[in-house]
1. Net charge near Ile148: determine it from the other residues with C-beta under 9 Å of the C-beta of Ile148, scoring Lys and Arg +1 and Asp and Glu -1.
2. Quick check: at a probe of 1.4 Å, how many percent of the accessible area of the stretch 253-412 sits on carbon and sulfur atoms?
3. Subtract the Cα-Cα distance of His293 and Ser354 from 0.36 nm times their separation in residues, and report this length gain in nm to one decimal.
4. Is the stretch 6-243 best put as rounded, prolate or oblate by its Cα gyration tensor, with a ≥ b ≥ c the root eigenvalues, rounded for a/c under 1.5, and otherwise prolate when a/b is larger than b/c, oblate when not?
5. So if I take the centroid of the Cα atoms in the stretch 276-332 and the same for the stretch 346-397, what is the distance between those two points in Å?
6. Would you mind checking which residues have amide H under 5 Å from Ala126's amide H? H placed 1.01 Å from N; only 5 or more apart, or other chain.
7. Would you mind telling me the share, in percent, of accessible area of the stretch 1-155 contributed by carbon and sulfur at probe 1.4 angstrom?
8. Antiparallel versus total DSSP beta bridges in the stretch 136-224: what percent is that, nearest 5?
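The values are calculated or read from the model by the stated rules, or taken from the named source; none is laboratory data. Nothing here was measured: the structure is a model prediction, and the numbers come from that model. Note that each Cβ is placed from the backbone with ideal geometry, even for glycine, and that neighbours are counted across all protein chains shown. SASA here: full protein model, heavy atoms, side chains in, ligands and nucleic acids out. Shrake-Rupley method; radii C 1.70, N 1.55, O 1.52, S 1.80 Å.
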Amino acid sequence: MSFSGENATGIDADEVDVAVIVVAAGSGTRLGHAEPKAFVPLGGKSMLAHALDGVFAMREAVQLIVVAPDAELERARAIVAASAGAAVGYTSVVVGGASRQLSVAAGLAAVAPGVGVVLVHDAARALTPSAQFEAVIAAVRSSRTGVIPALPVVDTIKRVDADGLVRETVERSELAAVQTPQGFVRSELDEAYADPSADFTDDAALLQSFGHSVGTVAGDERAFKITTAWDLARAERLLAESEGRAGTRTAPRVGTGVDVHAFAPETSEEGADAPELWIAGLHWPGQRGLSGHSDGDVAVHAVCDALLAAAGLGDIGGIFGTDDPRLAGAHGEVFLRETRRLVETAGLRIGNVSVQLLGNRPKLSPRRLEAEALLGGILGAPVSIAATTTDGLGFTGRGDGVAAVATALLLPA
Ligand code: CTP
Ligand code: MG
């Protein structure tokens, strides 16, 4: 469904008065995650999905336009469809630009003809409550000006020169930290975007460069922008706390994980020797290893997937990516420690984990206790490891590779 073009809106132009543009086309450089920021998981779903919850929880029907990176259009469409449910006919997804302002411009071009009020919102402010959207809409309607949510600045602010020398103390009572959604009278926003005077980091600044006035409503601490890994961890914690209050973290949860890796060829196409074997966190010297972007440790990967599934946090590919250069050759400990941290941040603790290897080698029994102690120590919970051959059947029986199946039990923290 598309709103762009003359009346190609699919909805009656009189039906909605408000459009919400959610900009999600940034790359999230400062977050440093393998995928674009809006698609990074937070409490089991993407940041974008959380941002859309705030939109769809509003009482009023609105047009939603999500601005996404070119390479993520399909994923954005799926997230929008899942969040919108029956309201999917009021939504569209468009491709963003090289700056936030260009992304907003792309969204604005898709606003339906009858819309009078346009809100622009950062997907990165994923936990913004719907009351903040409603307050901005009400204030734009009553003032007929631009309106932005603002919070008082609590720190003392200094003006500092390029050499780090403090020049002056800025009067704090005149300052505000501003958030999104920022709301505007549609005609004013259209005018400013038709011929922007410069590239600004928010829409209020662009509008003011055209001499339009912009008012404020009270912002909300929960609408903070997730910019760094620290912000993401804070958001995880806030979410876990509120879910805990809602009672979703009071019951035990189980999860299942499966992984398969092929044995690496004796010599690669580039002539390199096969890597050595790492399984269940242990190095198996002298044995040909498994191929994979990391060390191919199927047991550890299956355990991580079981833990993430039990926590409702997605899967290992979604959390770590499959081609992050920092994880090339990484051993199991890296994945297990981060997975444990995510699980605990989500308000859960690990009850126990069980994993079974399927393959002809390595012969696990002589080192089973060693592996259980190692993985159990990293996860802070009992880990049981078993192994079986598959009676000569299938790819494991032929010795092409090794598989692992894991189950994890999580308990409320
Ligand atoms: N944004 C966008 N298009 C761009 C740049 C940013 O739609 N070309 C969006 C982001 O997706 C985000 C919001 O604008 O929701 C605020 O930007 P910011 O927090 O700076 O996000 P990023 O630009 O993705 O992050 P970074 O600056 O760390 O790369
Ligand atoms: Mg940015």
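1. Computed value for this residue: -2.
2. Details: 3850 of 7130 Å².
About 54 percent, which is the carbon plus sulfur part of the accessible surface.
3. That pair, His293 and Ser354, stretches by 19.5 nm at full extension.
4. Since a/c reaches 1.5 but b/c is at least a/b, the shape of the stretch 6-243 is classed as oblate.
5. Distance between centres, Cα-based: 13 Å.
6. The list, which skips near neighbours in sequence, is Ile226.
7. Details: 3220 of 5880 Å².
Here it works out to 55 percent.
8. Taking every DSSP beta bridge within the stretch 136-224, about 60 percent pair in antiparallel fashion.
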